[in-house]
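The values are calculated or read from the model by the stated rules, or taken from the named source; none is laboratory data. Only a predicted model underlies this, so the values are computations on that prediction, with no experimental measurement involved. Counting neighbours? That spans all protein chains shown, and the Cβs are built from the backbone with ideal geometry, glycine included.
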Amino acid sequence: MPKIDLSLSNLDKLFPGDFTQEQIAKAKTVFLKELSRTTHKFYGGKIMTMPKAGIYGFNWFNVWYTPGVSVVSTSIRDNNDASFDLSNRGNFVAVVSDSTRVLGDGDCTPPGGLGVMEGKAFLMKYLGGVDGVALCINSYNKKGEHDPDKIIDFVKMVEPSFGAINLEDISQPNCYKVLDTLREECNIPVWHDDAQGTGSVTLAGLVNALRIVGKDIDKVRIVFYGAGASNTTIARLILQAGGNPEKMILFDTTGTLHKGRDDIKADPRFYRKWELCSKTNPDRITDIETAMKGADVLIALSKPGPETVKQAWIRSMGPKPIVFACANPVPEIYPYAAKEAGAYIVATGRGDFPNQVNNSLGFPGILKGALLVRAKKITDEMAIAAAYSMANFAEKKGINPDRIMPTMDETGVFAQEAADVAMEAIKNGVARLKIDWQTAHDQTLKDITFAREALDLLMKNDFVKKPDEKLLEEALQKAIDTVKK
């Protein structure tokens with residue numbers, strides 16, 4: 001068995017030489033899942049709480065707690081905004097989910113989302129210098145139904161402790177009501193990363209993909225495969241960025257969205273989908289083969305697994321077709337298969353393939369920018385500003401068909417993104433504080449550097465231990481055995 005580099009930078013070389021591209025892709029998925037399970041058990045999760053203030057002698061307990069802390073309580077009582085200065089609230093995000101739509105795994109029960117929510121908090125800290133906490137909640141009402149009002153009430157109750165709320169993995173249609181209600185009724189940003197976050201990063205990838213193929217956003221025909229919270233928000237942001245609704249077709253599990261979808265019109269919970277029904281697909285095209293013929297772009301966020309998107313669909317697309325297959329954890333078609341069918345640019349949500357279009361490139365910087373100016377909400381304009389910030393950062397470094405996005409190890413993108421979002425918040429009139437672009441950029445970079453150096457120090461001194469090599473070897477062997485079967 002080949003030796004596994006702990007950096008996991010040699011994934012493709014770990015598998016037998018007679019494995020096909022499809023087998024390697026499957027084996028990587030099994031390996032990463034199995035390694036994730038065993039290392040999560042090894043560490044007991046990914047997040048812990050640590051003090052950030054020092055203890056220099058016994059009486060410092062009296063400063064950080066009673067009697068000294070009384071002045072903090074009364075100061076905040078007299079001016080609630082002082083909580084952003086006198087506590088960690090100004091850099092603290094709640095990652096809230098009822099775990100009803102966890103990645104591609106559906107309803108995982110309330111605690112089933114903890115791995116993802118801890119992951120969001122992990123990335124917030126490492127990529128954006130933002131503190132986060134996972135809060136998976138029970139949204140069942142007395143009838144045994146998932147009740148959006150339970151989530152809304154919960155967020156309103158915890159609002160005083162946080163500078164922002166990151167909603168995650170809430171199934172539709174509840175996600176629409178939860179986000180739109182809380183955006184208007186809370187006095188801090190409430191952000192649904194599955195919707196706005198996915199919309200922002202996908203728009204960023206599309207901007208650069210169109211730059212490469214030399215096409216304009218208002219002239220391209222776009223097919224959206226899947227019409228959940230993610231793809232409906234992607235479509236909405238693309239429209240705001242200049243996309244032509246008459247050249248857009250969205251597919252859901254029933255068919256396509258258009259003005260004749262009385263089933264959607266009749267259910268007020270799906271008002272966001274109806275908005276798109278009323279704007280897109282004026283010819284009421286209903287079959288995927290007709291929709292794909294001559295299309296410039298396919299954006300799929302639907303059922304995970306290869307063969308969900310067919311090679312024949314891609315072969316019928318227009319010149320230099322762009323394919324986003326972004327289902328998690330397995331894309332709707334593997335990149336090699338899409339390229340075989342003629343795709344010029346292929347993006348997925350995974351970092352082990354080129355062109356990762358993943359929320360992790362967006363939410364750390366977006367939330368940081370909102371927090372820096374103490375924004376009251378994150379507007380769609382802020383999400384679009386973040387998209388162009390990501391796209392422009394990548395373009396400046398150099399883009400090509402296999403690089404349309406920055407990567408997560410490019411620290412500068414998060415600082416630039418935070419600063420651009422902060423400036424847009426000020427422009428939109430939702431910021432409590434006014435700072436300049438450079439200050440926002442430098443503070444973000446400082447906080448990211450602090451987070452990474454702190455983790456490096458913990459790793460160096462063995463407070464964060466290396467995982468046992470046997471865990472990696474056992475995960476690899478399971479992946480090989482599973483694919484061989």
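Per the conditions (1) of a type in the set (Gly, Ala, Ser); (2) assigned to a helix (DSSP H, G or I); (3) touching a Leu at 6+ places or on another chain (Cβ under 7 Å), the sole criterion not satisfied by ALA94 is (2). Here GLY205 fulfils each of the conditions (1) of a type outside the set (Val, Ile, Thr); (2) modelled with pLDDT of 95 or more; (3) within 29 Å of ARG374 (Cβ to Cβ); (4) touching a strand residue (DSSP E or B) at 6+ places or on another chain (Cβ under 7 Å) apart from (3). All conditions but one from (1) without any contact (Cβ under 8 Å) to a residue 60 or more places away in the chain; (2) assigned to a helix (DSSP H, G or I) apply to PHE463; the one that does not is (2).
Exactly one residue out of ALA195, ALA229, ALA164 is free of Cβ contacts under 8 Å to residues at least 60 places away in the same chain and either small (Gly, Ala, Ser) or touching a Phe, Trp or Tyr at 6+ places or on another chain (Cβ under 6 Å) (or both): that is ALA195. Of SER99, SER73, all but one fail to be of a type in the set (S, T, N, Q), outside any helix (DSSP H, G or I) and over 24 Å from ASP409 (Cα atoms); the exception is SER99. No other residue among ARG236, ARG211 is out of contact with any Leu (no Cβ under 9 Å at 6 or more places or on another chain), under 30 Å from LEU367 (Cβ atoms), of a type in the set (Lys, Arg) and outside the structural domain of GLY104 (by TED's automatic domain parsing) apart from ARG211. Every condition in (1) within 16 Å of ASN208 (Cα to Cα); (2) hydroxyl-bearing (Ser, Thr, Tyr); (3) crowded, with 21+ Cβ neighbours inside 10 Å holds for SER302 except the one numbered (1).
Within region 68-115, the residues that satisfy the criterion of being polar (S, T, N, Q) and more than 27 Å from GLU332 (Cβ to Cβ) are SER70, SER73, THR74, SER75, ASN79, ASN80, SER83, SER87, ASN88, ASN91.
Within region 173-216, the residues that satisfy the criterion of being closer than 13 Å to ASP380 by Cβ and either crowded, with 24+ Cβ neighbours inside 10 Å or among the polar types (S, T, N, Q) (or both) are LEU179, PRO189, TRP191, HIS192, ALA195, GLN196, GLY197, GLY199, SER200, LEU203. Restricting attention to region 245-272 and to residues that are of a type in the set (Lys, Arg) and not in a loop (DSSP other than H, G, I, E, B), the residue that is farthest from the chain's Cα centre (by Cα) turns out to be LYS265. Would you confirm, using the coordinates I've provided, whether LYS215 is of a type in the set (Lys, Arg), without any contact (Cβ under 8 Å) to a residue 40 or more places away in the chain and farther than 18 Å from THR100 by Cα? Here the answer is no, as LYS215 does not meet what is asked.
Scanning region 84-114 for residues that are touching a residue at least 60 places away in the same chain (Cβ under 8 Å) and closer than 20 Å to ALA440 by Cα yields PHE84, ARG89, GLY90, ASN91, PHE92, VAL93. Are any of the residues in region 222-244 farther than 25 Å from ALA338 by Cβ and not in a helix (DSSP H, G or I)? Checked against the condition, which is being farther than 25 Å from ALA338 by Cβ and not in a helix (DSSP H, G or I), region 222-244 yields at least one hit.
Against the definition (outside any loop (DSSP other than H, G, I, E, B), among the β-branched types (Val, Ile, Thr), farther than 24 Å from ALA121 by Cα and at pLDDT 95 or above), how does ILE426 come out, yes or no? When the stated conditions are applied, ILE426 passes them.
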